[in-house]
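Inspection log for the structure reproduced underneath, given as structure tokens.
What follows draws every value from the coordinates through simple rules; no lab data is involved. From a predicted model like this one, the values you see are computed outputs, not experimental measurements. Neighbour counts run over all protein chains shown; Cβ positions are idealised from the backbone, glycine included.
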Amino acid sequence: MTHAPTRALHGPAFGAGLARRGDIPPDGRLSASAEPAGPPRGHRGSTAHRSTEGLLVDDGLRVCLEERTTSVGVRTLELTFLEFELLAYLLLHPKQVFTRRQLMETVWGYPEAGGGRTVDVHIARLRRKLGARHRYRLATVRRVGYKYVPHDLTHHPVRLPGPRTGF
């Protein structure tokens, strides 16, 4: 049995892209009637499954698009608006590499600002909040950007004994 993320094809923040800060109505609720965005250009599909509940699930990591909640196991994560958008976007496109510019344009809604460090800082915060078991799912692709690695493809780093350990 594989543990690929369950993929929701609809959700409150996913229409012709992710919701932008200026698109949020005063009451803070997003419309659940938005048309789903098509897969990104060059997307070859994934092992993700459809879900009618608007959930993204991957080995204990749960993202509910309609309720805009995220949890790891029984622990609820307190994510900012943009952290949630970034995590959900990467989960919806597992294994696909995105440049910092692509993430800025899609998640933030404007071209890269801050020399790419904005995305780096948000990824670092997400990794910290996800904890040791899930932080490696947000993989850095050197000199390119980031991707989400589903559980069945996650390779945890192995620490080999050093020369002073006597092994």
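Phi angles of the range 93-109 translate, via the Karplus equation with coefficients 6.51, -1.76, 1.60 and θ = phi - 60°, into HN-Hα couplings of 10, x, 6, 8, 8, 10, 6, 4, 4, 4, 5, 4, 5, 7, 7, 7, x Hz per residue; Gly and Pro are given as x. In plain terms, the residue of Arg133, Arg75 with the fewest other Cβ atoms within 10 Å comes first and the most crowded comes last, giving Arg75, Arg133. Computed from backbone phi, the HN-Hα couplings of the range 123-129 come to 5, 4, 5, 4, 4, 4, 6 Hz, rounded to whole numbers (Karplus: 6.51 cos²θ - 1.76 cosθ + 1.60, θ = phi - 60°; Gly and Pro given as x). Annotation for Arg135 and Thr69: the two label points, set 7 Å from Cα along the Cα-Cβ direction, are 2.6 nm apart.
Amide H to amide H, with H built 1.01 Å from N, Thr69 comes under 5 Å of Cys64, counting only residues 5 or more places away or on other chains.
Please arrange Asp58, Asp152 by counting, for each residue, the other beta carbons lying within 10 Å of its beta carbon, fewest first.
Numbers: Asp58 23, Asp152 14.
So the residues, fewest neighbours to most, are Asp152, Asp58.
Backbone geometry of the range 61-78 corresponds, through the Karplus equation with coefficients 6.51, -1.76 and 1.60 at θ = phi - 60°, to 3J(HN,Hα) couplings of 8, 10, 10, 9, 5, 5, 8, 6, 10, 9, 9, 10, x, 9, 8, 7, 9, 8 Hz, x marking Gly and Pro. In terms of other Cβ atoms within 10 Å, Thr76, Thr99, Thr70 run from fewest to most in the order Thr76, Thr99, Thr70.
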